[in-house]
Amino acid sequence: MYRKPLTKLFIVIGSLCTAFALVCCTIAFVRMFLASSETRKGQETLEAQIEEMEEMKKEIKKAEKREKKRLEEEEEKIKQEPEETPYVHPSKTPTPTASPTPTPLSSNEEGTVSGPSENKREEREQAATGTGHVVGIDPGHQGPHVDMSDTEPNGPGSTEMKAKATAGTSGAYSGLGEYQLNLDVSLRVQQILQDRGYRVVMTRTDNDTAISNAERALLAADEGAEIYVRIHANGSDDHGVQGALSMCPSQDNPYVSELYGESLRLSQGLLDAYCAATGFENRGVQFYDNMTGINWSRVPVTILEMGFMTNEHDDLAMADAGFQQTMAEGIADGIDAYFAGSGQ
Ligand SMILES: [Zn+2]
């Protein structure tokens with residue numbers, strides 16, 4: 001009697017306990033499952049983040065590599081290119097001209113006309129355009145207080161003697177001495193050329209230096225000048241005569257005939273660039289064979305007669321400091337054009 005209900009009770013209690021245990025186990029299992037799934041999720045998220053970071057690292061490395069390569073290429077370029085590329089003025093097509101009736105010169109370096117020459121010699125090979133070219137600049141004449149009346153041979157081996165240097169002309173309207181104008185413009189040319197990457201050899205940088213025309217030519221070559229540019233201004237009894245011209249040895253010059261071709265190219269290019277910059281009348285290239293400073297040259301040589309100091313327009317324009325800068329830039333452009341044409 002008592003057993004049965006007691007047994008039932010035990011059975012019920014046992015069943016309840018089992019059920020409870022089962023529920024507990026299930027809850028525990030679900031919790032564990034949930035917890036593990038959370039961990040997995042967390043792990044997955046972490047892994048995804050790590051992967052993302054790895055990708056970013058790779059991208060950064062790639063970008064670094066690209067930047068490094070770019071820098072290396074740039075460095076290589078800089079090594080190949082000159083430090084400072086001289087500005088190259090678009091040169092005009094050279095039109096070699098020779099004035100058949102050269103204007104008589106009153107007081108610049110004396111010379112006689114040997115006549116135009118049409119034939120060109122084979123041009124000497126020159127280095128390509130770029131930094132490091134050496135240019136000889138000769139500001140013509142010197143101060144009036146410097147005695148240069150002693151004489152020297154008109155050319156190597158010549159028995160003809162000429163004054164070591166002459167006094168030059170002066171501005172009929174400005175009163176400016178040619179020696180001063182030549183120096184002022186030449187110093188500006190020196191600065192411009194140096195800024196464009198050239199090395200410049202000056203035969204004088206003041207008005208007190210006593211140096212002859214032959215000595216100037218030799219100095220320029222000895223100091224490594226590749227071309228020799230002589231800066232002068234002109235004078236004429238006829239005050240109506242104006243404009244610029246350049247002087248070049250002829251191909252029959254007894255001393256420097258081998259320099260004829262390159263000297264003509266230099267004379268023409270320089271004059272054209274100068275006239276383009278200043279708007280001065282272009283009187284063409286003239287040929288002279290008894291100029292001491294030309295005959296003693298060892299490198300292509302030219303004399304630029306920048307304008308007529310006996311002409312009101314030319315004289316007053318050339319006396320202006322601002323215009324002198326324009327003149328100097330024109331001369332530098334002509335020198336650029338010469339070296340730009342050397343490599344062709
Ligand atoms: Zn002169």
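Bear in mind that the values in this text are calculations on the coordinates, not laboratory data. Source: prediction; values computed, not measured. When we count neighbours, we look across all protein chains shown, and the Cβ atoms used for this are built from the backbone with ideal geometry, even at glycine.
Details
- Ordering THR166, THR151 by the number of other Cβ atoms within 10 Å of each residue's own Cβ, fewest first, gives THR151, THR166.
- Shown in residue order for region 147-160 are the 3J(HN,Hα) couplings computed by the Karplus curve 6.51 cos²θ - 1.76 cosθ + 1.60 at θ = phi - 60°: 7, 10, 7, 4, 10, 8, x, 5, x, x, x, 7, 8, 6 Hz (x for Gly and Pro).
- Note on ARG283, ARG216, ARG199: ascending count of other Cβ atoms within 10 Å places them as ARG199, ARG283, ARG216, the fewest first.
- Positive-end ranking of ILE294, GLY279, MET148 along the dipole of region 134-342, with charges on Cβ about the Cα centre, is headed by ILE294.
- Cα gyration tensor category, rounded, prolate or oblate, for region 134-342 with a/c compared to 1.5: rounded
- Among 200-210, 288-298, the order from most to least packed when residues are scored by Cβ within 10 Å on average: 288-298, 200-210
- Estimated from the Cβ-Cβ distance and a Förster radius of 30 angstrom, the FRET efficiency linking ASP222 and PHE323 is about 0.35.
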